[in-house]
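Structure first, then comments.
No value in this document is a laboratory result; all are computed from the given coordinates. It should be emphasised that the depicted structure is a prediction, and the values quoted were computed from it without experimental measurement.
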Amino acid sequence: LSLTMVGSLNGQDLRIPFRIGDKFGLSNEKGKMIVDADYDQIAFIDRSFRYFQYSNVVKDSIQDIYGKWREDNKVSTGVIFQDEVIIENTPFKHFQLYKGLFLTGSLYNNQRPEDFMLYNLEGEALLDEIASHIYINDKKDIGSLGSVDPNLLFVSIFHQGKRKERKFSLGVYDLRTQ
């Protein structure tokens with residue numbers, strides 16, 4: 001294990017991905033293991049180097065309609081915050097940190113993100129079900145509404161069911177109370 005990074009970011013210890021064999025974990029800048037090397041991949045989610053996405057390939061096989069077995073590998077993902085897994089074993093292919101307020105997990109289908117989940121920074125899901133789309137709008141995005149408190153974010157959530165039924169929700173997030 002060889003690491004060449006010195007210092008800290010914003011007064012916090014850095015977390016650095018490292019590899020042992022074919023698995024990845026996290027260490028601090030001194031090379032001390034912080035998160036064991038249990039993951040097939042680890043990547044930064046944000047530039048603060050505090051949130052990381054991990055991925056593991058889960059090997060499986062399924063039987064097709066003709067009775068033949070074939071390999072059907074699935075990817076299990078989650079989020080590590082500093083030293084702790086806060087979101088684990090999800091099907092989401094991509095996680096994103098939105099303005100330091102929310103985490104979103106999304107699937108990719110035909111190179112487009114779809115099927116989303118919204119999480120708070122502790123990793124708790126904020127929705128009862130996966131959404132087809134999530135839009136987070138701040139004041140500059142909704143200027144046509146006139147006078148809007150700059151401390152409010154509007155979260156638009158669109159659900160499309162299997163039978164093409166549609167639901168739309170609007171949530172308001174107050175930045176002062178978080």
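Whole number please: convex hull volume per residue of the Cα set in the stretch 22-131, in Å³?
That works out to 127 Å³ per residue.
Could you run the Karplus curve 6.51 cos²θ - 1.76 cosθ + 1.60 with θ = phi - 60° over the stretch 53-69 and give me ³J(HN,Hα) per residue in whole Hz, x for Gly and Pro?
Using θ = phi - 60°, the values come out as 9, 10, 9, 10, 8, 9, 6, 8, 9, 10, 9, 7, 5, 9, x, 8, 8 Hz.
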